[in-house]
Every structure is written in structure tokens, then in C-alpha cells.
Amino acid sequence: MRKTFLLVSKFIFTFIIAISILSSCQSSDKKKNNEQTELIESTKKDVDPKMMEDFNKSKLIFYSLPSPLETAMLIKRSGARYDEEILNPIGNVTNYNTNLKMALNLGVYSADLSYTSLFDQTQSAIQYMGCAKKLAEGLSIIDAIDENTMKQLEDNMNNRDAVLEIISETFMTSNAYLKENDRAAISVMVLVGGWVEGLYLASALTNGSMDNNKRLLDRIVYQKLSLITVMNLLDSHPENEDIQYLHGKMNELKAIFEQVKIVNTSKVQSETDKENRVTTIKADSETQISKEVFEALINKVTEIRTEFVS
Amino acid sequence: MKNNKKALTVGLLTLLMCFIAHTGFAQCASFAKNVGKIKLGEFVHDGNYNATVLGAGDTAELYKTFFANQKYRVAISKIENLPNIHFRLVDKENNILFDNQEHDFTDVWDFTVESTQMLILKLKVLDDYDMETEITQGCVAVLFGIEKEKKKKKKK
């Protein structure tokens with residue numbers, strides 16, 4: 001009798017410990033690196049003390065990377081063309097067997113899916129959604145992309161707005177499922193895969209020239225800011241070996257991006273239009289990138305992306 | 001025998017409590033999908049999931065790069081029984097660029113940037129908590145939408 005009681009007690013204790021560990025994973029985003037600390041320290045100026053005190057009490061931090069959908073929109077709006085040749089071939093999907101490869105390529109295919117959809121390449125979009133579905137299933141992400149999603153996509157192929165809604169929903173569902181099932185590290189791998197693919201697509205569409213499309217070049221240069229977010233996301237899971245590998249890759253990219261200059265040449269100011277409920281953030285900003293650094297950046301992005309999809 | 005049953009009941013109850021606590025987090029996904037996304041209106045949700053359980057007085061920060069010439073809509077959702085959410089958009093020098101307190105604690109606002117900037121959205125669940133209700137914590141979601149491309153007018 002006593003033995004049974006002890007056994008049940010042990011079980012409960014183990015369970016509580018497991019739940020505590022899982023819960024602590026939920027708040028792992030609270031960690032931050034030095035660069036982010038600098039940002040936070042700088043916020044201590046000119047802030048009412050009560051507000052600052054409140055922010056110091058609890059520090060839950062979200063890092064929001066440009067999603068595959070946003071990146072594809074940025075590429076399209078820069079005036080870039082559609083080029084199917086640069087996408088990850090759908091036949092590659094069967095090559096991915098590890099969690100790292102499946103997660104990275106779920107991100108990669110999500111970016112390709114967004115790009116094909118924005119350029120109204122309906123047949124390709126269905127095929128890329130099929131790849132994303134296969135990888136989501138491989139990662140045991142339940143209900144993110146099912147037969148119903150595929151049917152919805154097929155039924156709405158001529159309605160771009162509806163297609164974008166479906167893509168955004170599948171991306172959020174996968175992301176939420178991973179985060180809420182204590183697999184946040186996998187979620188980070190998906191995000192990094194999608195971000196790298198977006199950067200690769202933009203880089204490839206320049207055809208190696210800094211002069212072909214200035215707006216596209218600008219989009220690439222400003223990914224330096226998003227790389228800070230990527231590093232912060234990776235820093236949230238220092239114990240994970242796959243994340244350590246990605247950290248190494250992103251550090252190689254960071255070393256090149258550090259040679260790119262982005263400077264605000266005026267104070268950041270804002271103007272709010274109450275009637276239309278919109279605020280415009282105004283600041284003059286200058287960027288500098290040499291031809292050598294641009295080429296090094298393109299080569300490094302291509303190298304990392306090739307490693308991800310191979 | 002009686003003690004065995006008691007131990008088993010305690011065990012099952014503990015499991016149930018842990019399960020309820022855990023599904024509390026899971027519910028934020030449906031909350032974000034069913035409540036948060038609607039607030040984005042005609043803007044396309046970017047697909048990122050930023051939601052968690054917060055209580056009165058809790059704070060959070062969100063770091064995001066806002067790209068030039070792109071119009072963003074931020075929609076902050078909370079369960080009904082939580083107090084209002086105070087949010088500010090600040091730059092890295094902590095210049096306050098927008099404060100929803102000046103706009104009746106609105107939970108939806110649009111932003112455009114003239115040059116690409118990394119900005120920080122800081123939020124706090126106010127602690128003017130209604131003691132009559134028993135809910136002390138609940139889901140809070142911060143979602144971003146992007147303005148769709150304007151359809152080109154067909155030439156006649």
C-alpha cells in the first residue's frame with residue numbers, strides 16, 4: 001500500500017517537474033543577447049519611471065522576423081520578375097529526413113509558395129503547398145496543412161487574396177503548434193529557413209548586379225536589421241545542437257553584413273493622422289555597400305541556402 | 001486499499017490540473033486565429049504568431065523591422081475580462097512614436113515608415129483590474145497585417 005503511494009507520488013513529482021521544464025521553455029524567448037540589451041538600455045532615457053519599472057518587472061520578448069509572405073511581397077513590390085528556376089525543386093522534398101532539414105525546408109517551401117502565389121503561378125503554388133504539407137506531416141505538425149487546405153487552395157486559385165489568406169493561416173498554425181507544444185526550437189528553424197530562402201530569392205533576382213534593381217538591393221541591404229532578430233531567436237535555444245549549427249551559419253552571414261552600413265541621418269519622428277488612424281514614421285536613412293561586399297554577401301547566401309536544400 | 005484509491009485520485013487530479021494549465025496556452029492559437037485576425041480587416045496577416053498568456057500588470061515587447069513603403073496594421077487582442085492594453089511604438093533610442101493612451105487605448109492602428117527601421121512595440125496590460133471578475137490571466141495576441149496591393153485599374 002505504502003509502496004503504491006510512493007510510486008504515485010514519484011509519478012506526480014516527475015510529472016510536475018516535466019511540466020515546469022516545459023513551461024520554462026514557453027518563456028525562453030525572455031533571454032536576450034548583448035546587442036538587444038544595448039537597445040533595451042538605451043530605452044531608459046526619457047521614459048517615465050513608472051513605465052520603466054513595469055517593463056523591468058517582466059520581460060517577455062517576441063522577435064518578429066519578416067515572414068515568407070512579407071518577404072515575397074517585398075520582392076514583388078520591388079518590381080522583380082518571376083523566375084521558377086531559382087526555386088527549390090519540388091522533387092527535393094523526399095530528401096529531407098531529419099528534423100533540421102524538414103524544418104528548414106518547410107520554411108524554404110513556404111517562401112517559394114508565397115513567391116509563386118504572388119505571381120499567380122497557380123499550378124506551382126499547389127505543388128509547393130503539397131511539399132509544405134509533406135514536411136509539416138513529417139514534423140508531426142497536426143492540422144496545419146490538411147486535405148481541406150489543399151482543396152481550399154485549389155478552389156480559390158483565381159482569387160489571390162483568398163490564396164494569401166490560406167498561406168498566412170497555414171504558416172501561423174504551424175508556428176503556433178510548434179511553439180505551444182514546446183517545440184519552439186523547431187519553430188525557429190522553420191523561420192530561419194524561410195528567411196534565408198527569401199534572402200536567396202531576392203539575391204538571385206539581382207542577377208549579381210547592384211544596378212539592375214535599386215529597390216531590390218535596398219530590400220537585401222536592410223535584411224541586416226532582420227539578421228539581429230534571427231540571432232536573437234537562435235540565442236533563445238543555446239542548448240540545441242541544430243540551433244548551434246544554424247548559429248554558426250548566421251554568424252558567417254553576420255560577418256559580411258557588418259561591412260554594410262545603415263545610418264539614420266536624421267532623428268526618427270512620427271506624424272499621426274487621427275482621422276485615418278495611421279502614423280507615419282519619418283527618418284532619413286543612408287546605406288552603403290561596396291561591390292566586393294555585395295558579391296561576398298550573394299555568394300554566402302547562395303552557399304548557405306544550397307546547404308539547406310541539399 | 002482505501003489509501004491506494006486516494007493516491008490514485010490525487011494523481012489523476014494533478015494530471016488533470018496540469019493538462020488544463022497546458023491547454024490554456026494552446027487556446028491562444030485559436031484565440032489569435034478567431035479573434036485577433038478579424039481585427040486586421042482587409043490587411044493580410046503576415047503569418048507570424050505572437051501570442052501568450054498575460055495578466056494584469058504584465059508587460060511584453062516585440063521587435064520588428066518595418067520596411068519602407070509598406071503599410072502595416074497592428075492589432076492587439078485580449079480576452080474580454082482583461083483590462084485595456086497600453087501600447088507604445090518606440091525606436092531604438094526610445095523615442096515614443098505612437099502611444100495608444102492618446103487614442104483611447106485603441107487596439108488597432110496603421111503604420112508606414114519612410115525608411116526601413118527596426119522598431120519596438122511595448123505593451124502593458126493595465127492593472128485597473130475589475131475585482132468582481134475572477135479571471136486574472138488570459139490570452140493576448142499581437143498580430144501584424146500588411147496592406148494588399150491595390151488592384152490596377154483596367155484601361156478602357
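General remarks:
- Yes/no for residue A:107 being assigned to a helix (DSSP H, G or I), over 25 Å from residue B:41 (Cα atoms) and within 14 Å of another protein chain (Cβ to nearest Cβ): yes
- Contacts under 9 angstrom Cβ, first residue in region A:267-292 being in contact (Cβ under 8 Å) with a residue 60 or more places away in the chain and surrounded by 17 or more Cβ atoms within 10 Å (Cβ to Cβ), partner among the hydrophobic types (A, V, I, L, M, F, W, C) and not in a loop (DSSP other than H, G, I, E, B), 6 or more apart: A:289/A:217; A:289/A:220; A:289/A:221; A:289/A:297
- Filter result for residue B:108 (within 14 Å of the chain's Cα centre (by Cα), among the β-branched types (Val, Ile, Thr), at the interface with chain A (Cβ under 10 Å from one of its Cβ atoms) and buried (at least 21 other Cβ atoms within 10 Å of the Cβ)): no
- Extreme residue, nearest to residue A:86 (Cα to Cα), among residues of region A:208-238 that are crowded, with 20+ Cβ neighbours inside 10 Å and basic (Lys, Arg): A:219
- Filter result (facing chain A (nearest Cβ under 7 Å) and not charged (D, E, K, R)) within region B:36-56: B:44, B:45, B:47, B:48, B:49, B:50, B:52
- Members of region A:196-216 that are assigned to a helix (DSSP H, G or I), in contact (Cβ under 8 Å) with a residue 24 or more places away in the chain and away from every other protein chain (no Cβ under 11 Å): A:196, A:197, A:198, A:199, A:200, A:201, A:202, A:203, A:204, A:205, A:216
- Selection from region B:73-96 of residues that are within 22 Å of residue A:283 (Cα to Cα) and either surrounded by fewer than 22 Cβ atoms within 10 Å (Cβ to Cβ) or of a type in the set (Gly, Ala, Ser) (or both): B:88, B:92, B:93, B:94, B:95, B:96
- Residue check, residue B:29 in a helix (DSSP H, G or I), within 7 Å of chain A (Cβ to nearest Cβ) and of a type outside the set (Lys, Arg): yes
- Taking the conditions (1) part of a helix (DSSP H, G or I); (2) crowded, with 19+ Cβ neighbours inside 10 Å; (3) of a type in the set (S, T, N, Q) in turn, residue A:88 satisfies each one other than (1).
- Residue, nearest to the chain's Cα centre (by Cα), within region B:114-156, restricted to residues that are at pLDDT 80 or above and assigned to a loop (DSSP other than H, G, I, E, B): B:126
The values are calculated or read from the model by the stated rules, or taken from the named source; none is laboratory data. A quick note: this is a predicted structure, and the numbers were derived from the prediction, not measured. Cβ coordinates were reconstructed from backbone atoms using ideal geometry, including for glycine residues, and neighbour counts include every protein chain displayed.
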